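Take a look at the structure set out below.
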Amino acid sequence: MHPAPSVILFTVLSGLGFGFLAFLALGALPVSGWGAVATWGLGYGLAVAGLIASTFHLGNPKRALLAFSQWRSSWLSREGWASVSTLLVLAPMALSDVLGLGLPRGIGWVGAAMVVVTVVCTAMIYAQLRTVPRWNHWGTVLLFLSFAATGGAILSVRLPLACLLCAVLAAVLVWSFLRGDGAFAAR
């Protein structure tokens, strides 16, 4: 398999960005002022850069707007709506951290839950592809969630949790490899 570079950039950057945003939303890395600008900016920057990269493998950039209209039948459309909604829901939390407004972290919990929905939608774009047997499995969703959580823990400097999540991610990868037809199976 040789996925397009834009697919790799999309999945890595958006997963890392959304994972980091979830940790920020939950208050795992307490920041304020310019530190909040830098950290929230990094999270948003990674997520948005990944989403922009995703438009490059659509062939025609006009298809990106068309993709939003197919939410009933397309995981790509659902992922688009979920990602935009998540970024909008997280904006008040980011603004609160930057300006020191002290909004309750409940908004962050909602945003973090929406991050999970967004990552699941992203994973389902690939997991539903019957033409790629390596991806057509529920383990693909587990891998995407593991990568996002691990990346978010690493970027938010939650080192004990990051080590634990790295071990979980390694176990999921080994399971996928040994299974023989998982997302990272050797063929």
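The values are calculated or read from the model by the stated rules, or taken from the named source; none is laboratory data. Fair warning: this is a prediction, and the values are worked out from it, not measured in the lab. Cβ atoms come from the backbone with ideal geometry, glycine included; neighbour counts cover every protein chain shown. Just the protein is used for accessible areas: all its heavy atoms, side chains included, with ligands, DNA and RNA removed. Shrake-Rupley method; radii C 1.70, N 1.55, O 1.52, S 1.80 Å.
Which residue is modelled with the lowest pLDDT, if the candidates are limited to the range 31-46 and must be aliphatic (A, V, I, L, M) and in contact with a Gly (Cβ under 9 Å, 6 or more places away or on another chain)? Out of the qualifying residues, it is A36. Checking each residue in the range 5-35 for being over 22 Å from L165 (Cα atoms) and in a loop (DSSP other than H, G, I, E, B) picks out V31, S32. Among the residues of the range 1-31, just one is under 13 Å from the mean Cα position of the chain (by Cα), within 29 Å of I107 (Cβ to Cβ) and surrounded by fewer than 17 Cβ atoms within 10 Å (Cβ to Cβ), namely V12.
Scan the range 77-99 for residues that are surrounded by fewer than 20 Cβ atoms within 10 Å (Cβ to Cβ) and hydrophobic (A, V, I, L, M, F, W, C) and the total you get is 8. Residue pairs whose Cβ atoms lie under 9 Å apart, separated by 6 or more positions or on different chains, with the first residue in the range 28-39 and farther than 13 Å from L99 by Cα and the second assigned to a helix (DSSP H, G or I) and open to solvent by 40 Å² or more (accessible area, probe 1.4 Å), are A28/L161; L29/L155; T39/L155. Checked against (1) open to solvent by less than 70 Å² (accessible area, probe 1.4 Å); (2) among the β-branched types (V, I, T); (3) at pLDDT 80 or above; (4) more than 17 Å from the chain's Cα centre (by Cα), T122 passes all but a single condition, namely (4).
Test of understanding: among L129, L169, L145, which residue is open to solvent by less than 70 Å² (accessible area, probe 1.4 Å) and closer than 14 Å to A22 by Cα?
L145
Residues that are part of a helix (DSSP H, G or I), under 23 Å from V48 (Cβ atoms) and open to solvent by 20 Å² or more (accessible area, probe 1.4 Å): does the range 100-108 have at least one?
The answer is yes, given that some residue of the range 100-108 is part of a helix (DSSP H, G or I), under 23 Å from V48 (Cβ atoms) and open to solvent by 20 Å² or more (accessible area, probe 1.4 Å).
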